[in-house]
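What follows is a single structure, written as structure tokens, with notes after it.
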Amino acid sequence: MKAAILLLAGIAIATAACFSERTAGPAATLAVCSVPVTVIDSMHYLVAIRDFLYYPDSIAVPTGATVSWVNCEPTGTEPHTTTSDAPGWDSGEMFTGARFSHTFTTQGAFPYHCTQHVMAAKIVVQ
């Protein structure tokens, strides 16, 4: 029972921490990455980075929503980035466990990529 309560508390903390601009920590990643959640709530969305891909590779969000990317790769994997194709955002290197968030304030399609690998995806703000 104690273990279950501690696990749930860890997931809640990891999910809450996910919405800061940039944080790191493999312990939080394990909890977030083990739950296949794309929509946290109507204004918070999660994109996982694993297997050198973004999951999902296309996501539609409302204006004002925050998207958080979490690097779910195994420890020791090369870092990734989430970088807007146009001026907009750049996470910098995200090692395993790192999280980065961006709030989308205008409508449109926002393609992005990893500056270090052949990975691409898109956020559509409606």
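Odds and ends about this structure:
- Of all the residues in region 106-126, those that are part of a loop (DSSP other than H, G, I, E, B) and crowded, with 16+ Cβ neighbours inside 10 Å number 2.
- The sole residue among VAL70, VAL47, VAL61, VAL32 that is modelled with pLDDT of 90 or more, crowded, with 19+ Cβ neighbours inside 10 Å and touching a Cys at 6+ places or on another chain (Cβ under 7 Å) is VAL70.
- Residues of region 48-68 classified as touching a strand residue (DSSP E or B) at 6+ places or on another chain (Cβ under 9 Å) and either within 12 Å of ALA120 (Cα to Cα) or not in a strand (DSSP E or B) (or both), total: 12
- Scanning region 88-101 for residues that are without any contact (Cβ under 8 Å) to a residue 40 or more places away in the chain and either among the hydroxyl-bearing types (Ser, Thr, Tyr) or not in a loop (DSSP other than H, G, I, E, B) (or both) gives a single hit, ASP90.
- In region 83-105, the residues that are of a type in the set (S, T, N, Q) and surrounded by fewer than 21 Cβ atoms within 10 Å (Cβ to Cβ): THR83, SER84, THR103, THR105
The values are calculated or read from the model by the stated rules, or taken from the named source; none is laboratory data. Since this is a predicted model, take the numbers as computed values, not measurements. Positions of Cβ are backbone-derived with ideal geometry, glycine not excepted, and every protein chain shown enters the neighbour counts.
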